[in-house]
Amino acid sequence: MRADLALLGYGNVARRFASLIDERAARLLEHYDLDCRIVGTSTRTSGAIFRGERCTDSFELIQRLAASDAELRVVVETTTLDVKDGEPAIGHVRAAIAAGCHVVTANKGPIAFAYRSLADAAARAGVRFLFESAVMDGIPVFNLVRETLPAVEIVGFEGVVNTTTNHIITAMESGESFEEALARMQAEGIAEADASLDVDGWDAAAKTAALANVLLDAGITPHDIRRTGIDPGVGERARAALTRGHRLKLVASATRHESGRMTYSVEPRELPATHLLAGLDGGANALILETDLLDRVAICQMSGSLTQTAYGLLSDIVAIAREGTPVRRA
């Protein structure tokens with residue numbers, strides 16, 4: 001089975017994805033009869049190219065991909081998150097679905113701002129819209145619920161889902177300054193040069209909205225979430241918490257109250273040392289799902305990397321190849 005892929009955005013994640021496709025080519029062919037070919041790319045600096053020919057823009061690239069004779073035509077969306085409105089990623093996803101292409105994305109924007117409408121559009125069009133890389137890299141979160149928890153209702157969650165802030169808080173516990181810890185995260189490529197999305201809590205808020213929309217059918221955006229980030233003053237709070245046998249963590253959560261009302265937050269929270277999230281150091285992330293039948297189910301990621309994020313995209317493409325049926329809303 002041939003899969004023609006168009007990459008929208010060609011930053012670090014997309015480049016690692018492209019190399020991973022090459023590294024796993026033989027395995028994909030042997031185990032899944034899947035031959036993935038990158039036939040188009042689109043970037044802000046280089047423009048859009050399909051099979052060596054220049055396109056007007058990303059939308060023309062999508063149309064050319066849709067006309068391909070490959071069994072699978074997949075748009076891989078990895079552009080940068082815009083926390084104002086989720087564009088241009090949402091527009092890319094809509095155009096791909098309308099053209100009859102499957103979509104996989106590592107961008108949180110489409111599911112944080114427009115999950116219901118996009119999922120419904122994909123179902124009507126008979127294509128898949130998958131997004132495993134959007135939260136916790138390639139660690140299966142959405143797949144876990146969709147594929148392995150039938151008849152279970154997710155009623156809430158809490159987690160540590162932003163690597164940069166967890167690194168910084170952990171470093172400040174041992175006396176490192178906020179500025180030093182952040183600079184180290186930027187030097188290691190974990191935080192962006194403009195790290196405001198991380199430290200101001202916007203990245204975690206976007207992930208919270210994405211999780212809530214998919215798992216709880218919340219219909220919210222990151223702007224609906226009570227959000228408090230971290231700053232240099234958090235270091236003193238983190239060290240004080242240690243003296244009490246606690247740990248300070250930036251916790252993302254969704255809570256369903258007895259009245260049925262849902263609340264959502266991202267905030268530094270002091271946790272007892274026995275709490276699962278309190279034991280997460282450095283690049284570790286974890287998500288605890290509150291369920292109606294299985295009580296609490298935890299998903300842990302001990303480290304994160306570009307490879308793991310790229311793998312999430314690859315796993316979604318394999319899922320499309322194996323099943324070939326439209327995804328329904330959770």
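The values are calculated or read from the model by the stated rules, or taken from the named source; none is laboratory data. Not measured: the values here are computed from a predicted model. Positions of Cβ are generated from backbone atoms using ideal geometry, with glycine treated the same way; all protein chains shown enter the neighbour counts.
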Cβ pairs under 6 Å, 6+ apart, first in region 1-16 and basic (Lys, Arg), second in a strand (DSSP E or B): Arg2/Asp35
Test result for Gly126, of a type outside the set (Phe, Trp, Tyr) and touching a Gly at 6+ places or on another chain (Cβ under 7 Å): no
Residue count for region 20-32, restricted to those that are over 20 Å from the mean Cα position of the chain (by Cα), closer than 15 Å to Leu313 by Cα and in contact (Cβ under 8 Å) with a residue 40 or more places away in the chain: 2
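Residues checked against (1) modelled with pLDDT of 95 or more; (2) in the same structural domain as Leu276 (by TED's automatic domain parsing); (3) of a type in the set (D, E, K, R):
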residue: Val83; (1), (2), (3): no, no, no
residue: His102; (1), (2), (3): yes, no, no
residue: Thr105; (1), (2), (3): yes, no, no
residue: Ala121; (1), (2), (3): yes, no, no
residue: Arg124; (1), (2), (3): yes, no, yes
residue: Arg128; (1), (2), (3): yes, no, yes
residue: Thr163; (1), (2), (3): no, yes, no
residue: His167; (1), (2), (3): no, yes, no
residue: Ser174; (1), (2), (3): no, yes, no
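What do you reckon, is Gly109 on the phi > 0 side of the Ramachandran plot and not aliphatic (A, V, I, L, M)?
Details: on the phi > 0 side of the Ramachandran plot: no; not aliphatic (A, V, I, L, M): yes.
It is false that Gly109 is on the phi > 0 side of the Ramachandran plot and not aliphatic (A, V, I, L, M).
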Which listed residue, of Arg261, Arg247, Arg226, Arg329, is out of contact with any Ser or Thr (no Cβ under 7 Å at 6 or more places or on another chain), at pLDDT 95 or above and more than 30 Å from Asp35 (Cβ to Cβ): Arg247
Unmet requirement for Glu147, which otherwise passes all of (1) surrounded by 18 or more Cβ atoms within 10 Å (Cβ to Cβ); (2) on the phi < 0 side of the Ramachandran plot: (1)
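If you scan region 305-317, which residues turn out to be crowded, with 18+ Cβ neighbours inside 10 Å and modelled with pLDDT of 90 or more? Step through it out loud before you land on a result.
Restricting attention to region 305-317, the residues satisfying the condition of being crowded, with 18+ Cβ neighbours inside 10 Å are 306, 309-314, 316-317.
Result: Thr309, Ala310, Tyr311, Gly312, Leu313, Leu314, Asp316, Ile317.
Quick check on my filter: what residues within region 239-298 are part of a helix (DSSP H, G or I), hydroxyl-bearing (Ser, Thr, Tyr) and buried (at least 17 other Cβ atoms within 10 Å of the Cβ)? Walk me through it before giving the result.
So the first thing to find is which residues in region 239-298 are part of a helix (DSSP H, G or I), and the list is 239-243, 276-279.
Still in the list and also hydroxyl-bearing (Ser, Thr, Tyr): 243.
Matches in region 239-298: none.
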Pairs where the first residue, in region 155-166, is closer than 13 Å to Ser265 by Cβ and surrounded by fewer than 24 Cβ atoms within 10 Å (Cβ to Cβ) and the second is modelled with pLDDT under 95 and not aromatic (Phe, Trp, Tyr), C-beta under 6 Å, 6+ apart: Gly156/Thr255; Gly156/Arg256
Listing of strands (runs of 3 or more DSSP E) fully contained in region 33-125 that carry 1 or more residues being polar (S, T, N, Q) and either crowded, with 20+ Cβ neighbours inside 10 Å or free of Cβ contacts under 8 Å to residues at least 40 places away in the same chain (or both): 35-43, 102-105
